[in-house]
Amino acid sequence: MYVLAIPAAFLGGWLNLPASWFRRVVGVVLLLSAWRLGRSLEDPPQLRETKPGVLLTAGAALGLLAGLTGTGGGVFLTPLLLLCRWCSTRQAAAVSVLFILFNSLAGLCGLWAAKPAVLLSVLRPELAALLLVVLLAGAIGSRLGSRHWPVAWIRRALACVLVLASLKLLGLAGSR
């Protein structure tokens, strides 16, 4: 899945699309995903196998979405993995961290390639400290989610994150 996701995230970060309508559609999709995941607080009794081509295509699409929306892609990957029943909740929690890290870095590189001045204007010393905190929190959260927390907690937390991401994309929260 990572093979095509990372270059697609770079492409999404590099593209300069008028994305207001796109963000609204993705926001609604995330809101529906949150509702669907919030309804089912258990892992399915049986997971589905899928073909490598499907995973590569999904990875490319998710990477592009991540780059276009300025997210790490975890808000797209985790619901897809769970709703398609490709892995358990704990596996999705563990896998998403690396996906988010690599897609975020690729998207930032794409932004840098397209508009270096924009990225340089936001690079400040406190950004390094924030990056360290984010990496540490991601590692701790991944560990707790993949090994310790009950599945119902993880699914509720994911539904909350999806609602927050949806509200941000819809322009209802976190905008300045």
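The values are calculated or read from the model by the stated rules, or taken from the named source; none is laboratory data. Note that this is a predicted model, so its numbers are computed, not measured. Reconstructed Cβ throughout: ideal geometry from the backbone, glycine too, with neighbour counts over all protein chains shown.
Taking the options Leu15, Leu62, Leu11, name whichever one is of a type in the set (A, V, I, L, M, F, W, C), in contact with a helix residue (DSSP H, G or I) (Cβ under 9 Å, 6 or more places away or on another chain) and closer than 20 Å to Ala159 by Cβ. Please lay out each step first, then the result.
Working: Leu15 fails: closer than 20 Å to Ala159 by Cβ; Leu11 fails: closer than 20 Å to Ala159 by Cβ.
Selected residue: Leu62, the only one of Leu15, Leu62, Leu11 that is of a type in the set (A, V, I, L, M, F, W, C), in contact with a helix residue (DSSP H, G or I) (Cβ under 9 Å, 6 or more places away or on another chain) and closer than 20 Å to Ala159 by Cβ.
Could you list, ordered by first residue, the pairs with Cβ atoms under 8 Å in which the first is in segment 112-136 and more than 21 Å from Gly12 (Cα to Cα) and of a type in the set (A, V, I, L, M, F, W, C) and the second is modelled with pLDDT of 70 or more and assigned to a helix (DSSP H, G or I), at least 6 apart or interchain?
Sorted first by the residue in segment 112-136, then by its partner, the pairs are Leu135/Leu101.
Any residue in segment 42-70 that is within 18 Å of Cys109 (Cα to Cα) and touching a residue at least 60 places away in the same chain (Cβ under 8 Å) sitting within a Cβ distance under 9 Å of a residue that is surrounded by 10 or more Cβ atoms within 10 Å (Cβ to Cβ) and of a type in the set (Ser, Thr, Tyr)? List the pairs, counting only those 6 or more apart or interchain.
Filtered contacts from segment 42-70: Ala66/Ser104.
In the list Leu32, Leu82, Leu68, which residue meets the criterion of being touching a Phe, Trp or Tyr at 6+ places or on another chain (Cβ under 8 Å) and within 22 Å of Ser166 (Cα to Cα)?
Answer to the check: Leu68.
Which one of these does Leu77 not meet: (1) out of contact with any Phe, Trp or Tyr (no Cβ under 6 Å at 6 or more places or on another chain); (2) touching a residue at least 12 places away in the same chain (Cβ under 8 Å); (3) more than 23 Å from Ser20 (Cβ to Cβ)?
(1)
Could you list, in sequence order, the residues of segment 114-125 that are modelled with pLDDT of 75 or more and surrounded by 13 or more Cβ atoms within 10 Å (Cβ to Cβ)?
Across segment 114-125, the qualifying residues are Ala114, Lys115.
Please enumerate the residues belonging to segment 134-176 that are among the β-branched types (Val, Ile, Thr) and more than 21 Å from Ser40 (Cα to Cα). Talk me through it step by step, then tell me what you get.
As a first pass, look at segment 134-176 and keep what is among the β-branched types (Val, Ile, Thr): 134, 140, 151, 154, 161, 163.
Across segment 134-176, the qualifying residues are Val134, Ile140.
Please work out which one of (1) at pLDDT 85 or above; (2) part of a helix (DSSP H, G or I) is the condition Glu49 fails and give its number.
(2)
I'd like the residue in segment 55-99 that is outside any helix (DSSP H, G or I) and buried (at least 22 other Cβ atoms within 10 Å of the Cβ) and, out of all such residues, is modelled with the highest pLDDT. If you could, list the steps in order and put the result at the bottom.
Within segment 55-99, the subset outside any helix (DSSP H, G or I) is 70-73, 84-88.
Okay, now just the ones that are also buried (at least 22 other Cβ atoms within 10 Å of the Cβ), so 71-73.
On the way: Thr71: 71, Gly72: 71, Gly73: 78.
Among them, the one singled out is Gly73.
What number of residues in segment 142-176 are at pLDDT 80 or above and of a type in the set (Gly, Ala, Ser)?
6
So in segment 151-168, with the set limited to residues that are of a type outside the set (Ser, Thr, Tyr) and in contact with a Gly (Cβ under 6 Å, 6 or more places away or on another chain), which one is surrounded by the most Cβ atoms within 10 Å (Cβ to Cβ)? Walk me through how you get there before you give the answer.
Narrowing segment 151-168 to residues of a type outside the set (Ser, Thr, Tyr): 151-165, 167-168.
Checking the rest, the ones that are also in contact with a Gly (Cβ under 6 Å, 6 or more places away or on another chain) come to 154, 159, 168.
Numbers: Ile154: 25, Ala159: 20, Lys168: 19.
Out of the qualifying residues, it is Ile154.
Conditions: (1) touching a helix residue (DSSP H, G or I) at 6+ places or on another chain (Cβ under 8 Å); (2) part of a helix (DSSP H, G or I); (3) surrounded by fewer than 21 Cβ atoms within 10 Å (Cβ to Cβ). Glu42 meets all but one. Number of the miss?
Going through the list (1) touching a helix residue (DSSP H, G or I) at 6+ places or on another chain (Cβ under 8 Å); (2) part of a helix (DSSP H, G or I); (3) surrounded by fewer than 21 Cβ atoms within 10 Å (Cβ to Cβ), Glu42 breaks only (2).
Can you pull out the residues in segment 8-26 that are modelled with pLDDT of 80 or more and either surrounded by 20 or more Cβ atoms within 10 Å (Cβ to Cβ) or part of a loop (DSSP other than H, G, I, E, B) (or both)?
Here is the first cut: in segment 8-26, the ones modelled with pLDDT of 80 or more are 8-11, 24, 26.
Within segment 8-26, Ala8, Ala9, Phe10, Val26 qualify.
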